[in-house]
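Here's the structure we're looking at; comments come further down.
The values are calculated or read from the model by the stated rules, or taken from the named source; none is laboratory data. Predicted model, so just to flag it, every value in this text is computed and none were measured. Cβ placement follows ideal geometry from the backbone for every residue including glycine, while neighbour counts extend to all protein chains displayed. SASA here: full protein model, heavy atoms, side chains in, ligands and nucleic acids out. Shrake-Rupley method; radii C 1.70, N 1.55, O 1.52, S 1.80 Å.
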Amino acid sequence: MSLIIGILIGIIAGVLLSRFIFRERPVGSLRVDESDPDSGPYLFLELDRSGADAIYKQRYVRLRVELKNYISHK
């Protein structure tokens with residue numbers, strides 16, 4: 001019984017450790033500006049300092065999405 005518990009603890013620890021080591025880090029921000037109601041949303045890509053190198057090295061990248069309206073409607 002203790003062998004089974006030890007194996008389960010090892011599997012859980014391995015899964016958590018591998019998720020921490022191999023998690024994808026964002027390489028930049030995708031800003032979405034929906035302040036102009038007459039046109040669609042404008043998208044701006046802002047890369048971090050190592051963002052360009054990370055894009056070339058990876059097949060998929062992760063971005064932070066930030067919603068910000070630059071034109072006020074007052």
For TYR60, what is the net charge nearby, where nearby means another residue's Cβ is under 13 Å from its Cβ and Lys, Arg count +1, Asp, Glu -1? +4
Residue-normalised value, i.e. accessible area per residue, for the chain at 1.4 Å probe, in Å², stands at 91
Segment 32-63: which trypsin sites (Lys or Arg not before Pro) are DSSP loop and have at most 10 other beta-carbon atoms within 10 angstrom? ARG49, ARG59
Return the sequence-ordered ³J(HN,Hα) values of segment 3-13 in whole Hz as given by the Karplus equation 6.51 cos²θ - 1.76 cosθ + 1.60 applied to θ = phi - 60°, using x for Gly and Pro. 5, 5, 5, x, 5, 5, 5, x, 5, 5, 5
Among the chymotrypsin sites (Phe, Trp or Tyr not before Pro) within the chain, which fall in a DSSP loop and have no more than 12 other Cβ atoms within 10 Å of their own Cβ? PHE22, TYR60, TYR70
Kirkwood Rh over alpha-carbon pairs of the chain plugged into Stokes-Einstein at 10 °C, 1.306 mPa s gives a D in µm²/s of 100
Suppose a student asked you for the relative contact order of the chain, using Cα pairs under 8 Å spaced at least 6 residues apart; what percent would you report? 35
Which of LEU17, LEU63, LEU47 fluctuates most in a GNM of the chain (C-alpha springs under 10 Å)? That residue is LEU17
